[in-house]
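See below for the structure under consideration.
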Amino acid sequence: MTTKRRPSLKPRKVPQQSRAENTVTAILEAAASILEIRGMEGLNTNLVAQRAGVSVGTLYQYFPNKDALIVALSLQAQAAFFAEAEDALDQPTGQTALEYLISVSVRQQLRRPALARALDFEEGRPAIAKELASSQAAFHRLMQEILSRSDIPPQDNIEIATDDVLAILRALTDAAGERGEVRRSPLEHRVSRALSGYLGIIDTPPVESSRARSRRSRAS
């Protein structure tokens with residue numbers, strides 16, 4: 001019995017020149033726009049190629065199938081998000097770091113809410129999740145480091161708490177995007193209340209972390 005090979009979700013080649021990079025950018029933006037309007041059911045490589053202004057053959061030079069497009073879009077979004085999110089570690093306390101991370105999450109989710117919801121849904125599929133595991137793990141570690149700071153109440157199981165916090169954050173921002181919310185401040189406030197309640201944070205002045213104190217003393 002022969003085992004059926006699973007289609008690759010990795011790009012066939014990486015663009016090396018600016019023209020090729022522009023082509024890939026156009027393909028991914030076309031795929032993102034179609035996802036926003038038509039969802040995954042309306043996404044197909046012929047339509048993506050047409051909207052991007054390239055041939056299907058050119059598209060296939062980079063992406064073997066539409067799931068590969070989803071992976072590339074998710075990695076692109078996660079890289080942009082993480083570039084901002086990791087600055088949360090420079091905040092002086094765990095509570096301010098958490099607030100910073102909430103703000104970044106809400107800003108990204110409401111920037112293109114339909115696309116964010118579509119990608120969140122697709123990222124739950126096992127084949128897609130496998131390709132995104134390393135980038136997801138990096139965000140999980142970042143959140144866990146924040147929750148481990150001294151001014152965040154100790155959790156019975158830090159791994160489970162981290163998973164729960166990420167799930168709450170995603171659920172609330174997805175729901176807000178689905179309702180068509182555009183105002184960031186009220187959503188940030190609701191997410192903050194939900195996470196503070198889960199973590200047992202009370203309204204007391206947060207304690208500055210040793211990492212932040214060390215950075216501040218070096219700067220002075």
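All of the numbers you see were taken from the coordinates with simple rules; none came from a lab. Being a predicted model, the structure only gives us computed values, none of them experimental. As a convention, Cβ positions derive from the backbone with ideal geometry for all residues, glycine included, and neighbour counts pool all protein chains shown.
From the P(r) of the stretch 73-204, can you give the percent of Cα pairs sitting at distances over 26 Å?
18
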Check your understanding: What percentage of all Cα-Cα pairs in the stretch 12-111 are separated by more than 21 Å?
Key -> 44
**Study point:** Zone of residue 182's modelled label, taken as backbone nitrogen in the stretch 95-129 under 14 Å from a point 7 Å along Cα→Cβ
**Key:** 110-114
Study note, to complete from the structure: Shape descriptors of the stretch 18-64 over alpha-carbon atoms, Rg and Dmax in angstrom, are 9.9, 32
Check your understanding: Going by how many other beta carbons lie within 10 Å of each one, how would you line up 56, 165, 182, fewest first?
Key -> 182, 56, 165
**Study point:** Residues 140, 189, sorted so that the one with the fewest Cβ neighbours within 10 Å comes first
**Key:** 189, 140
Check your understanding: In terms of the ratio Rg/(2.2 N^0.38 Å) built on C-alpha atoms, what value belongs to the stretch 56-99?
Key -> 1.82
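Would you mind ranking 69, 142 by Cβ crowding within 10 Å, fewest neighbours first?
Least crowded to most crowded, the residues run 142, 69.
May I ask you to compute the full-extension gain from residue 75 to residue 25, defined as 0.36 nm times their residue separation minus their alpha-carbon distance, rounded to one decimal in nm?
Net length gain for the segment: 16.7 nm.
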Review point. With charges only on Cβ, +1 for K and R and -1 for D and E, what is the dipole size of the stretch 42-191 about its Cα centre, in debye, rounded to 20?
Key: 720
Review point. Using a basic spin-label model with each label point 7 Å from the Cα along Cα→Cβ, how many nm lie between residue 130 and residue 60?
Key: 2.3
Point to revise | Separation in nanometres of the label points that stand 7 Å from Cα toward Cβ, at residue 193 and residue 50 | key: 4.7
Study note, to complete from the structure: Under 17 Å by backbone N from the virtual spin label 7 Å along Cα-to-Cβ at residue 137, the residues of the stretch 69-93 are 75, 79
